[in-house]
Amino acid sequence: MAWMLLGCGGDQGSASCAEGEHRVCRAESDCRCGAGCSTGTRCPAMDGGLQVCAVPLGGSEGACVEAAWLVGPGGRLQCGRESCALDNACVDWGSEGVRCAAPCEANADCPSGCCVEIADRVAGGTRSVCAPSERYTCLPGAPAGRSCTPACASGEGCVWIGPAPICLPTCAADGDCNGACCAMTTGGVSVCAPDRASCGATLRSACTNLDGCVEIVYGVRGTHCGDVDSVEVRVRNNCPTAADIELCYQRRDGTCSCGTHRGVAPQTEASPPFWACDVTGAFRMSARAAGDPAGCHPHICR
């Protein structure tokens, strides 16, 4: 990962640098030489760590230098009112402000439970970072779920309210809730709302996100229905616990053909494989702990 940073002053010439290198300075007596680069260049990682393309103010050519040297003591990058770690992105989240965004590979890597793809304006393509909330298009499900820790007791449901999931008593009617209301969660479980103010809010069931340890081991087109537009995908549960694994294939009319492998044992391939015909080839996989409500970690099929 590399950044293009503006604001490095000093002489941009190649004096005292090896052939092909450029020179940039933080101060008159504090300069570095590095491979030439320009705005939009991604610098290669080196033994010294993360490298960035430092371009002096008003210029278009610079040098690849260690990010830690460029930003100075503390090794942080300014992002709006926040100070980011060097591997973070600085993202304008609209109404949620300009904020640091840590790298991620799955929703469960993020405090918000939401890992999103954003455009990488330096190197092109995309990169995955943590969104500040669940309001975005999370990967690979939206939103990702989290389980209650410790696990809820019998007669309780795990519900995501505020920054983390909590256990709430299940109920059948308002009278079971000591003055609060009995509210339906997105997972189809009724729980006692924590207060009257929450009675009109959507209570989202929490669950365990197992996307990171479920593997897609096989995918093939054209083997069913005598149709080249059929798709079959096989998955394996590499998690330490049993999983419910949902696969959704996109149909040509934009709707989805979905199926769920329930209770797939650890270190086991789901059987029989799930296939569909007259589909585009696009599919989504979502995995949760066996028995978790389906609504808490839904797929996105598009």
Exercise. If R0 is 41 Å, what FRET efficiency do you get for Asp174 and Asp30 from their C-beta distance, rounded to 0.05?
Worked result: 0.05
Problem set entry | Residues Gln267 and Ala119, FRET efficiency given R0 of 41 Å [Cβ-Cβ distance, rounded to 0.05] | 0.65
Problem set entry | Geometric extent, Cα atoms of the range 78-130 - Rg, Dmax (angstrom) | 10.7, 27
Exercise. What's the FRET efficiency of Ala201 with Arg81 using the Cβ-Cβ distance as r and R₀ = 35 Å, to the nearest 0.05?
Worked result: 0.75
Problem set entry | Distance histogram for the range 156-205 (every C-alpha pair counted, 5 angstrom bins, percent rounded to whole numbers) | 5, 27, 36, 26, 6, 1
For this session: Could you work out the local net charge near Cys192, counting Lys and Arg as +1, Asp and Glu as -1, over the other residues with Cβ closer than 12 Å to its Cβ?
Result: -3
Problem set entry | Separation of the Cys277 and Ala153 label points, Cα + 7 Å toward Cβ, nm | 5.4
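Every number here is computed from the coordinates shown, using simple stated rules; none is lab data. In this text, all values refer to a predicted model and were calculated from it rather than measured experimentally. FYI the Cβ positions are ideal-geometry reconstructions off the backbone, even for glycines, and counts take in every protein chain you see.
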